[in-house]
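Here's the structure we're looking at; comments come further down.
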Amino acid sequence: MENEHKEDDIKYLKQKVDSGVDFLTTQMFFDNDIHYNFLYRIREAGITVPVLPGIMPITSARQMKRSCELSGTVFPRRFQAILDRFGDSPKAMEQAGIAYATDQIIDLLANGVKNIHIYSMNRPEVAAAIMHNISEIIQC
């Protein structure tokens, strides 16, 4: 979602949508403002299909480093503080990562997002924990 060729990316994305794409799923992100800015840019370009934000709960420091290497994702200062504080404790990091992803999802839902893709990395218990955390919220 964040790169130096934003305008080209949006042009190619519009071509895909014009060719019949029904919805989009974003790469993972850890700063919801990046998602909101992306939505604004694609809506300005006339792309109106639903966009599912991709949320990846980071549950280990190793996973975070690998994810960053593969995607070039930037971690906000708030998340970096979580990593610095809890990264050496697997249980604490997992709980903090689930809490951070939960907070992201609550913000997205509060701002009108209807569907979300959780990159659970073959960890269904992580997705289940997030669903438990937001169970009452999604009823509204």
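Read-outs: derived from the displayed coordinates by stated rules, not from any lab. On a predicted model such as this, the values are computed, not experimentally measured, just so you know. Note: ideal-geometry Cβ built from the backbone for every residue, glycine included; neighbour counts use all protein chains shown.
Structure data summary
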quantity	calculated
Helix 77-86 axis, angle to the chain major axis (alpha carbon atoms, nearest 10°)	30
Positive dipole terminus of the range 45-140, leading residue within Ile106, Gly46, Gln80 (C-beta point charges)	Gln80
Table column - 3J(HN,Hα) (Hz), the range 7-15, Karplus curve with 6.51, -1.76, 1.60, x for Gly and Pro	5, 4, 4, 5, 4, 5, 5, 4, 4
Tyr12 versus Ser71: modelled label distance in nm, points set 7 Å from Cα along the beta carbon direction	1.8
Kirkwood Rh in Å, taken over the range 6-139 so that all alpha-carbon pairs contribute	15.8
Charge sum, other residues only, whose C-beta stays under 12 Å from Ile55's C-beta, Lys/Arg counted +1 and Asp/Glu -1	-3
Residue-averaged [θ]222 nm for the chain, counting only DSSP H segments that reach four residues, each worth -39500 (n - 2.57)	-18000 deg cm²/dmol
0 to 90° range, to nearest 10: angle between helix 124-134 axis and the chain longest Cα axis	80
Cβ-placed point charges (K, R +1; D, E -1), dipole of the chain about Cα centre in debye, nearest 20	180
Average Cα contact separation per residue, the range 5-140, under 8 Å, 6 or more apart, as relative contact order %	27
Dimensionless Rg/Rh of the range 31-107 - Kirkwood Rh, Rg from C-alpha atoms	1.04
